[in-house]
Amino acid sequence: MIDTRYMAVSPGAVIPEALPEFRIYVRSAEGKYILWALEGKKVGADQLGKLTEGGLSEVFVDIKDQFKYEQYLETNLGSILENKFASSDQKATIFSNVSANVVKNAFETSLGLGVMGKDVIQRTQSMVKNSLIFISESKSLQALAKMIGHDYQTYEHATKVLWLMVSFLNNNPDILEKIQPGFQEEEVEHKKEVIRLCGVGAILHDIGKAFVAKEILHKDDPLTDVEWEIMKRHPLNGLAMLLDTDLPVFVKQGVLQHHEDFNGGGYPMGLEGFNINILARVLRIIDTFDAMTSRRPYKDPFTPSKTVQIMCGKPAGSVVTEDPNEDVRDQGMRRCFDEDLLRKFILFLGDVKLDR
């Protein structure tokens, strides 16, 4: 009989030389829980090697330490993805569980959706797990691990962008044909593959920030001109990290171009209109929406409705119209986005009831 005082966890989460604040147990053939590592005790590589060689698929943590364990996963997620003692499946499971918690927290806070249902959690876990498997196969895992290890907030943001991207594209299959022409909407497997690739682009879109100092990423005050130039390099850095991977060209273009503006005022190349990769145009919208509805060191989050108003170029409290003669000062951010895609994204937000 399984003792409910303990929760099973993946041995792939145990990092050599880490200092977890909880005890780790193994279960004997007789069902007894045996202390394997004390809290605060470094787990050596030799000790961990013997554990994995023994073929154990799970170790155990006292259920009272669940919160500490989850905090440990968040702190060490980048290292877990690089852990040579963890299998690809173990990494994918840990990564998907942590990512689902990120989306769950977003549901319950900035997005105003209330409690996240079990079905949504399961879909999120499956979506992220499939994306990580592809990332591993495409030789992009090291780049992702580097980003997560450098800045956990960037990973949290990327995970929410992934969820919004996949959900949005599932609601708008016509966009998939533009991203990857040549297939019919009823070709289910091809559709799933394109959506998965777009999700991979979403989770990787900010990996270039791994080369931006944390002092800049988390600065409370406006960036200096020099700091801003450093920040603007992150799409180029991201492309450089992915050049030798097997990711499709349109995904690499999405990473490179996700800060290009539809009116030509973006960076790093100042591309304009339909010269911008369509995945990048979608990323520009979703990236902005999540950034504005999330808490940042320098500002409180906006509500989804206020964010949409600003993205449409209207001050909070005004009515959004399509009047081409409206005051240019009210248009604000509107010129940054592909208006057709922005309109579809706003309709999508209404369908999933992201606002109260």
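Only the coordinates and a few stated rules stand behind these numbers; no lab work does. Since we're looking at a predicted model, the values are computed, not measured. Using ideal geometry, Cβ is built from the backbone for each residue, glycine included, and neighbour counts are taken over all protein chains shown.
Here are the numbers for this structure:
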item: 20 °C / 1.002 mPa s Stokes-Einstein diffusion coefficient of the stretch 1-76, Kirkwood radius on C-alpha pairs, µm²/s; result: 170
item: Added length on full extension, which subtracts the Cα-Cα distance from 0.36 nm per residue, residue 29 to residue 84; result: 17.1 nm
item: Signed unit charges on C-beta, dipole axis of the stretch 209-270, positive-most listed residue 224, 238, 212; result: 238
item: Entries of 104/146; 84/129; 104/344 with Cα pairs more than 20 Å apart; result: 104/146; 104/344
item: Estimated inter-spin distance, residue 71 and residue 5, nm [label 7 Å along Cα→Cβ]; result: 2.3
item: Förster-model FRET efficiency, 30 Å R0, residue 339 and residue 225, C-beta, rounded to 0.05; result: 0.45
item: In nm, spacing of pseudo-spin labels at residue 272 and residue 291 (7 Å Cα→C-beta vector); result: 2.2
item: Student exercise, the stretch 1-76 dipole from Lys, Arg, Asp, Glu Cβ charges, in Debye to nearest 20; result: 180
item: Distance from the stretch 247-266 to the stretch 119-178 (C-alpha centre basis), Å; result: 17
item: Residues 348, 274, sorted so that the one with the fewest Cβ neighbours within 10 Å comes first; result: 274, 348
